[in-house]
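A.B. asks: Can you keep this structure in mind? I'll have questions shortly.
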Amino acid sequence: MTTAETTKPARVRFAPSPTGYLHLGGLRTALFDWLYARHTDGQFILRIEDTDQKRYNPESLDDLMRGLRWLGLDWDEGPDIGGPYAPYIQSERKEIYAQYIDPLIESGHAYRCYCTPERLEAVREEQRQRNQPPGYDRHCRHLSPAEREALAAQNLPSVVRLAVPETGSTTFTDLIRGEISTDNRQLQDAVLVKSDGMPTYHFAVVVDDYLMKITHVLRGQEWLASAPLHKLLFDAFGWEAPVLVHLPIILDPSGKGKMSKRKVIVAGKEYLALVHEFMEAGYLPDALFNFLTNVGWSYDAEQEVFSREEAIDRFDLNDINPSPAALPYDKLDWLNGLYIRALTPAALKEAVIPFLGGAFNRTAAELRADQRLDHLIPLIQERIKRLDEAPQWLDWAFVDADAIRYDDLNLLLGKKLDADTSAQVLERGVDVLQTADPFTAAALQDSFRQLAEEMGIKAGSFFGPFRGALTGKQVSPPLFESMEALGREEVLRRMNNAIRILRQEVAASV
Ligand code: GLU
């Protein structure tokens with residue numbers, strides 16, 4: 001925290017509904033929550049809002065926690081670790097909410113509604129026919145006490161609704177958007193408690209934000225429309241509402257659609273949306289942290305790369321920009337490349353192992369012990385922007401020599417060299433490889449350059465057949481380092497296989 005500042009420790013919650021996989025928008029909300037909590041030396045609270053049991057997705061809770069942990073957003077209170085206001089899962093707090101509903105009914109701020117689904121549908125149908133906006137007609141709000149008693153005595157299923165004032169307006173302040181007033185006639189008598197006794201989001205969120213002493217609510221812009229109802233509830237209880245900040249929506253790269261649960265294809269390019277997709281693609285948490293921090297807030301007009309500590313120090317709610325913004329994905333790739341290059345080779349090795357294991361059919365332990373990787377990792381460090389690019393740079397090293405088929409013979413031909421000359425190049429190279437001592441990139445490079453000169457062939461053309469023979473690929477990490485990584489014996493096997501194939505070709509064409 002900057003020293004001149006007098007910010008009080010904030011209690012900030014991230015309150016996702018476990019309805020699907022965590023997406024980038026959700027992660028951005030959590031990140032801003034966390035940054036503000038850390039900036040003020042306050043608490044970051046994870047609360048699960050699962051009152052809509054129909055939309056509950058059992059996998060989402062694990063996915064959510066995994067995503068937050070992966071980005072490094074540790075929570076101080078939450079469903080798994082508890083805390084002074086536990087439980088932190090709303091479906092486990094039913095009895096708590098129940099205590100708050102009767103006082104609201106008694107004070108006239110809420111009422112029981114006995115309307116059946118059939119009646120509600122008939123009302124909606126009528127509204128449709130009259131081209132009126134759909135909504136509850138407040139039938140039960142105007143029941144006489146006698147009618148109410150009679151209905152209660154029948155033990156009929158009922159919900160509890162908020163009695164929105166029929167005139168006037170409701171005003172609240174969003175820290176970055178200013179004062180927002182809504183004509184009360186535009187608000188619905190929203191359901192607060194469903195017929196099974198489960199609260200709705202509106203009711204649970206207000207009770208919990210109050211009970212958990214939340215000081216700041218940062219959430220997506222899509223919740224702006226709910227804020228007047230929440231304000232009415234806070235006022236009805238006589239509670240002070242937390243500071244509200246509705247974060248800007250994130251647009252897809254075309255700037256047209258909202259980026260949420262699905263990856264999108266724009267101009268033939270795929271853009272990821274879910275946090276686990278970013279993990280699987282090999283983005284580093286530090287890079288995504290840096291990237292997302294700058295979505296809707298900006299660290300500095302010039303400095304785009306910053307550490308977590310710098311972000312925490314400077315993060316200020318007042319600087320959040322309310323306008324929607326398209327995600328600059330290219331910047332993420334650029335940042336990820338930077339963060340990859342900043343890793344130590346040992347850390348990069350550890351980070352790529354999960355990506356290589358499946359592709360090369362090896363266990364993490366085998367890869368960890370594999371010394372070839374220690375040589376190869378620094379060679380790809382400059383070349384990859386995502387960790388999932390690593391297998392395509394390294395696969396050749398992990399296959400058996402005989403599995404490289406050289407189906408495209410061009411791979412073995414040096415530029416402007418025919419099959420016979422290319423075979424001769426490799427044969428002379430084999431002599432060098434057999435005797436090189438030490439078998440290091442530097443020594444090999446010297447000897448090969450000398451040999452190319454002796455044979456009167458340009459280095460570029462001369463090296464081509466070796467690269468093809470070694471990797472079976474057009475593009476690979478630097479040749480001599482790759483040779484050193486594989487070791488003399490394996491390199492020779494590959495050279496000899498390639499020579500045999502070239503010689504067969506020469507024989508067949510005479
Ligand atoms: N449970 C809501 C969600 O799924 C949270 C809204 C809020 O933060 O108030 O995003």
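A.B. asks: Could you count how many residues in segment 1-22 are modelled with pLDDT of 95 or more and more than 10 Å from the ligand (Cβ to nearest atom)?
C.D. replies: Residues meeting the conditions: 6.
A.B. asks: Which of (1) over 26 Å from the mean Cα position of the chain (by Cα); (2) assigned to a strand (DSSP E or B); (3) surrounded by 15 or more Cβ atoms within 10 Å (Cβ to Cβ) does V245 not meet, given it meets every other one?
C.D. replies: (1)
A.B. asks: In segment 163-201, which residue that is more than 15 Å from the ligand (Cβ to nearest atom) and among the charged types (D, E, K, R) is most open to solvent (accessible area, probe 1.4 Å)?
C.D. replies: Once the filter is applied, the top-ranked residue is R185.
A.B. asks: Which of the residues belonging to segment 152-171 are modelled with pLDDT of 95 or more and part of a helix (DSSP H, G or I)?
C.D. replies: A153
A.B. asks: Among (1) closer than 20 Å to G83 by Cβ; (2) out of contact with any strand residue (DSSP E or B) (no Cβ under 9 Å at 6 or more places or on another chain); (3) not small (G, A, S), there is one condition D52 misses while meeting the rest; what is its number?
C.D. replies: The number of the failed condition is (1).
A.B. asks: Only one of these conditions is not met by A236: (1) part of a helix (DSSP H, G or I); (2) open to solvent by 40 Å² or more (accessible area, probe 1.4 Å). Which number is it?
C.D. replies: (2)
A.B. asks: Moving to a separate point now. Filter segment 202-231 down to the residues that are surrounded by fewer than 21 Cβ atoms within 10 Å (Cβ to Cβ), of a type in the set (F, W, Y) and either closer than 15 Å to E95 by Cα or within 11 Å of the ligand (Cβ to nearest atom) (or both) and list them by number.
C.D. replies: Selection gives W223 alone.
A.B. asks: Also, I was wondering about something else. Given (1) open to solvent by 60 Å² or more (accessible area, probe 1.4 Å); (2) in contact with a Leu (Cβ under 7 Å, 6 or more places away or on another chain); (3) closer than 25 Å to L343 by Cα, where does R428 come up short, assuming only one miss?
C.D. replies: Checking R428 against (1) open to solvent by 60 Å² or more (accessible area, probe 1.4 Å); (2) in contact with a Leu (Cβ under 7 Å, 6 or more places away or on another chain); (3) closer than 25 Å to L343 by Cα, the one that fails is (3).
A.B. asks: List, please: which pairs have Cβ atoms under 8 Å, are six or more places apart or on different chains, and start with a residue in segment 401-412 that is closer than 16 Å to V475 by Cα and end with one that is exposed (fewer than 14 other Cβ atoms within 10 Å of the Cβ)?
C.D. replies: As it stands, the answer is L411/Q474, since those pairs meet every condition given.
A.B. asks: Can you find, within segment 23-47, the residue that is nearest to F278 (Cα to Cα) among those that are open to solvent by less than 10 Å² (accessible area, probe 1.4 Å) and within 11 Å of the ligand (Cβ to nearest atom)?
C.D. replies: Applying the filter and picking the extreme gives A30.
The values are calculated or read from the model by the stated rules, or taken from the named source; none is laboratory data. Computed from a predicted model, the values in this text were never measured in an experiment. All Cβ positions, glycine included, derive from the backbone under ideal geometry; neighbour counts span all protein chains shown. Ligands, DNA and RNA are excluded from the accessible area calculation, which covers all protein heavy atoms including side chains. Shrake-Rupley method; radii C 1.70, N 1.55, O 1.52, S 1.80 Å.
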